[in-house]
Amino acid sequence: EEYYGWRDYNMCNAGPCQFDVSWSLCCRNSIITSGAANQNTYLTATYNNAISTCNSTPYFTNRPVPYICTGDTFIFNQGAVDPDGDALTYRFGSCWQQLNQSVGYNTGYSQTAPLGSTWDVSIDSQTGDITIIPQPGNAVIGVMCVYVDEWRNGQIINTIERDIQVAAIACPPNDPPPVAGVSSVNGAFV
């Protein structure tokens, strides 16, 4: 399932303040194997208009891909866009089940190792690309959270969070289709 929600708040010229907007839902998928199974989902975004009186928050144009193959390297770009053209940086962070309570991970799993020690998972802080490399890559269902910090004039003015469930599964081989022989070719190959 994918949940997408938004609400417009006009905070322009409301005076300097910082606030968090949060959302909670019970419960995460019961088949998560990295920890966090059946725990709540809790998301938050932080906005600071003391630095910038008007701002539109970043949003994601790419849906998270829920399945990857256990033997294959996988790269996923967040597709985050900022309507104001502010700079964006990316990082892994805690997934939450409620305010000030992060999800519990099983031994060997963490916010920076969401698929465990048999996977090398990294995020490019400038592009948001998540690279997942199998080591050898066991089948697992895990959760990872990406934080996008929005920067203006060298200061963070907004942070949004993306909570992703990833399933690493055994995929059938991807054999190329057979191609019949080539005949009656005229001209030269360059």
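Annotations for the structure displayed:
- Among the cysteines of the chain, those with no neighbouring cysteine Cβ under 4.7 Å are Cys17.
- Local net charge near Thr159, Cβ-Cβ under 14 Å (Lys/Arg +1, Asp/Glu -1): -4
- Rg ratio (alpha-carbon, reference 2.2 N^0.38 Å) - segment 1-137: 1.20
- Note on Thr44 and Thr61: the model spin-label points, each 7 Å out from Cα along the C-beta direction, lie 3.0 nm apart.
- Sorting the segments 124-130, 176-182 by their mean number of nearby beta carbons within 10 angstrom, highest to lowest, gives 124-130, 176-182.
- Taking all protein chains together and rolling a 1.4 Å probe, Phe19 ends up with roughly 60 Å² accessible.
- Note on the chain: dipole from Cβ charges, positive end direction compared against Gly79, Ile32, Thr61; the farthest Cα belongs to Ile32.
- Contact order normalised by residue count of segment 65-121, Cα under 8 Å, 6+ apart, percent: 17 percent
- Sites Asn138 and Val21 - FRET efficiency at Förster radius 25 Å, r taken between beta-carbons, to 0.05: 0.10
The values are calculated or read from the model by the stated rules, or taken from the named source; none is laboratory data. Keep in mind that this is a model prediction, so the values were computed, not measured. Heads up, the Cβs are rebuilt from the backbone with ideal geometry, glycines too, and the neighbour counts pull from every protein chain shown. Ligands, DNA and RNA are stripped out before the accessible areas are found, and what is left, the full protein with its side chains, is counted by its heavy atoms. Shrake-Rupley method; radii C 1.70, N 1.55, O 1.52, S 1.80 Å.
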